[in-house]
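**Student:** Structure provided below as structure tokens; questions to follow.
We did not get these values from a lab; they are worked out from the coordinates using the rules stated. Treat the numbers as computed from the prediction; the structure is a model and nothing was measured. We place every Cβ from the backbone using ideal geometry, glycine too, and count neighbours over all the protein chains shown.
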Amino acid sequence: MDFKILKKSKLSRARLGFLETSHGVVETPCLVPVATQAVVKTLDSEEAHETKSQILIANTFHLHLKPGEKIVEKAGGLHKFMNWRKPLMTDSGGYQVFSLGFGRDYEVGKVLKFFPGKKGEAIKEGQQPQHIKIGLDGVIFRSPINGDELFLGPKESIKIQEKLGADIIFAFDECTAPLADLKYVKKSLERTHNWAKICLKARSKRTKQAMFGIVQGSRFKALREESSKFIDSLGFEGYGIGGDLGTNKQTTKKILDWTMPNLNEKKPRHLLGIGYLEDMEMIIKSGVDLFDCTVPTHYARRGIAFTSQGKLDLKDKKFFKKNEALDKGCVCKICLNYKKDYISHLLRAGEITALKLITFHNLWYFNTFVEELRTKIKNGKM
RNA sequence: GGGCGUGUGGCUGAGCAGCAAAGGCAUCAGACUGUAAAUCUGACGAGGUCUCCUCUUCGCAGGUGCAAGUCCUGCCGCGCCCA
């Protein structure tokens, strides 16, 4: 992997870049659509390509469970397995430490609407989630599919990711819950840092894969600074920035500001799991090159289309009679060929094609949005 | 004309004599940011001093019960069969 910075903004930390992998290039800043189970849900790989997606991220945890990395390896690696010839990343399974752990217990996402404060529940040092066990060497999971016990640690994750064969892989970390208190996060950070070292050691010498180390530290300044310096010192090819990123845009910005100056600016930075349209400009201005987010694909399957008019809930019966494109200005193949009334009808009829049409549009819309932001950087406007 | 069956909230459809009445659909509202996610949560007869209370409901009209959507009688509607 090779990363070139084509232009640095004079107005912000934004950069225009060029990420080169053996499966092609990625123009950054770039949205990375999520293909957890080696598929962008509802789309085949050619369609995903047609949405202007440049790179996808699949998931180690899920692919390890099903179908298992051996099958993928035998198929010639993820690219061949899923017929995606362009760049690919795999996430390490670190997010599942959260989503299947405290996230599940407390029914919270990694971004809280507000922090409950002293009265609210906090996760304290030493506390364990109900369904998984976080240890020094890794995490004992229970398969959400069949309850099977499954151990995943830094070494295991890297070995699996090498077999999967994405161009970029991530270190195994603990994505801490936003409810975790300072002491918990401190301990967790030690563990994650230790795991980062193990990940690098576990890597086979022959691999061409780039490995990104993940900065954690939750909403705590000292920990974010410590983590970014430490992860930088280990010499990864790039960085992931993960975990709790605060309850609002301002905090997210602050957290990024604590982090970025400590990272080698020649290396790509990937903000993990963040990407509301309204946040994109801010995160890119903060110096983020890549970011993945389930929102465009996930919301699509809830019947929600993103447009220049805002979010449209196509399930709403008022769209049943609207014989117009999802977005007037959009030139994606869905907007050129289908109308709201039809998509709304498909949704109400429970037809899965509705989900595909909206997924396609949303990805196109998001990718176009980022494309425009790249142009803005190019033109010195951000 | 006779026999059997049936009539429940916007629709569908459970319902034992002690229910404002299961479930589903529809509707409305909410959630979702490295995907346990084509999902989940809540409301859904009316009103209120709204963790509780009041009123009005199960084709219509009567009746028997402390108590009836649930039993009885009559009427009306619908369905099937026989004539």
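**Student:** Could you check what % of the DSSP bridge pairs in the stretch A:2-293 are antiparallel, to the nearest 5? Intermediate values should be presented prior to the final figure.
**Tutor:** On the way: 17 of 41 bridges.
So the antiparallel bridges amount to about 40 percent of the total.
**Student:** Give me the number: length gained by fully extending A:K322 to A:T247, i.e. 0.36 nm times residue separation minus the C-alpha to C-alpha distance, one decimal in nm. Walk me through the numbers on the way to the answer.
**Tutor:** Numbers: separation 75, 0.36 × 75 = 27.00 nm, distance 3.66 nm.
Result: 23.3 nm gained on full extension.
**Student:** What does the highest-first list of A:53-62, A:254-263 look like by mean Cβ count within 10 Å? List each step's numbers first, then the result.
**Tutor:** Working: A:53-62: 24.3, A:254-263: 19.6.
Going by the mean number of other Cβ atoms within 10 Å, highest first, we get A:53-62, A:254-263.
**Student:** Follow-up question, since we're still on this one. Beta carbons within 10 angstrom, averaged per residue: use that to sort the peptides A:193-200, A:210-217, A:24-31, highest first.
**Tutor:** Details: A:193-200: 20.4, A:210-217: 27.8, A:24-31: 22.1.
Taking the mean over residues of other Cβ atoms within 10 Å, the ranking is A:210-217, A:24-31, A:193-200.
**Student:** Report the Cα centroid-to-centroid distance between the stretch A:142-186 and the stretch A:329-350 in angstrom, as an integer.
**Tutor:** A separation of 38 Å, based on Cα centres.
**Student:** Which ³J(HN,Hα) values in Hz, rounded to whole numbers, follow from the phi angles of the stretch A:95-106 under the Karplus curve 6.51 cos²θ - 1.76 cosθ + 1.60, where θ = phi - 60° and Gly and Pro get x?
**Tutor:** Values per residue, Gly and Pro as x: 5, 5, 4, 8, 5, 9, x, 4, x, 6, 4, 9 Hz.
**Student:** Return A:D279, A:D148 ranked ascending by Cβ neighbour count within 10 Å, so the fewest neighbours appear first.
**Tutor:** Values: A:D279 21, A:D148 10.
Fewest-to-most Cβ neighbours within 10 Å comes out as A:D148, A:D279.
**Student:** Along the charge dipole of chain A, pointing to its positive end and built from +1/-1 on Cβ of Lys, Arg, Asp and Glu, which listed residue (A:T36, A:G329, A:G380) has its Cα farthest out?
**Tutor:** A:G380
**Student:** Hey, can you rank A:269-276, A:313-320 by average C-beta count inside 10 Å, highest first? Before the final figure, lay out each step's value.
**Tutor:** Numbers: A:269-276: 24.5, A:313-320: 15.5.
Going by the mean number of other Cβ atoms within 10 Å, highest first, we get A:269-276, A:313-320.
**Student:** Among A:V370, A:G68, A:I274, which residue has its Cα furthest toward the positive end of the charge dipole of chain A, with +1 on Lys/Arg Cβ and -1 on Asp/Glu Cβ?
**Tutor:** A:V370
**Student:** Using the Karplus equation 6.51 cos²θ - 1.76 cosθ + 1.60 (θ = phi - 60°), what ³J(HN,Hα) coupling, rounded to whole Hz, does each residue of the stretch A:39-52 give in order, writing x for Gly and Pro?
**Tutor:** 7, 7, 3, 6, 10, 8, 5, 5, 5, 4, 4, 5, 7, 6
**Student:** Oh, and also: Using the Cα gyration tensor of chain A, with a ≥ b ≥ c the square roots of its eigenvalues, what is the shape: rounded (a/c below 1.5), prolate (a/b larger than b/c) or oblate (neither)? Walk me through the numbers before you get to the answer.
**Tutor:** Working: a/c = 1.37, a/b = 1.33, b/c = 1.03.
Rounded, because the longest to shortest axis ratio a/c is under 1.5.
**Student:** If you take the square roots of the eigenvalues of the alpha-carbon gyration tensor of the stretch A:1-108 and sort them as a ≥ b ≥ c, do you get rounded (a/c under 1.5), prolate (a/b over b/c) or oblate?
**Tutor:** Details: a/c = 2.11, a/b = 1.28, b/c = 1.65.
Oblate, because a/c is 1.5 or more while a/b does not exceed b/c.
**Student:** State, as an integer percentage, the relative contact order of the stretch A:319-382 based on alpha-carbon contacts under 8 Å between residues 6 or more apart. Let's see the in-between values first.
**Tutor:** Details: 52 pairs, mean separation 16.8, N = 64.
Contact order relative to length: 26 percent.
**Student:** Taking chain A as a Gaussian network, Cα atoms linked when under 10 Å apart, which of A:K205, A:K285, A:K80 shows the biggest mean-square fluctuation?
**Tutor:** Maximum among the listed residues: A:K205.
**Student:** Here's another thing I want to ask about it. Starting from the amide H of A:I241, placed 1.01 Å from N in the peptide plane, find each other amide H under 5 Å away whose residue is 5 or more places distant or on another chain.
**Tutor:** A:V215, A:H270, A:L271, A:L272
**Student:** As an exercise, find the ratio Rg/Rh for the stretch A:305-362 from alpha-carbon atoms, using the Kirkwood inverse-distance average for Rh.
**Tutor:** Working: Rg = 10.0 Å, Rh = 11.0 Å.
Using Cα coordinates only, the ratio equals 0.91.
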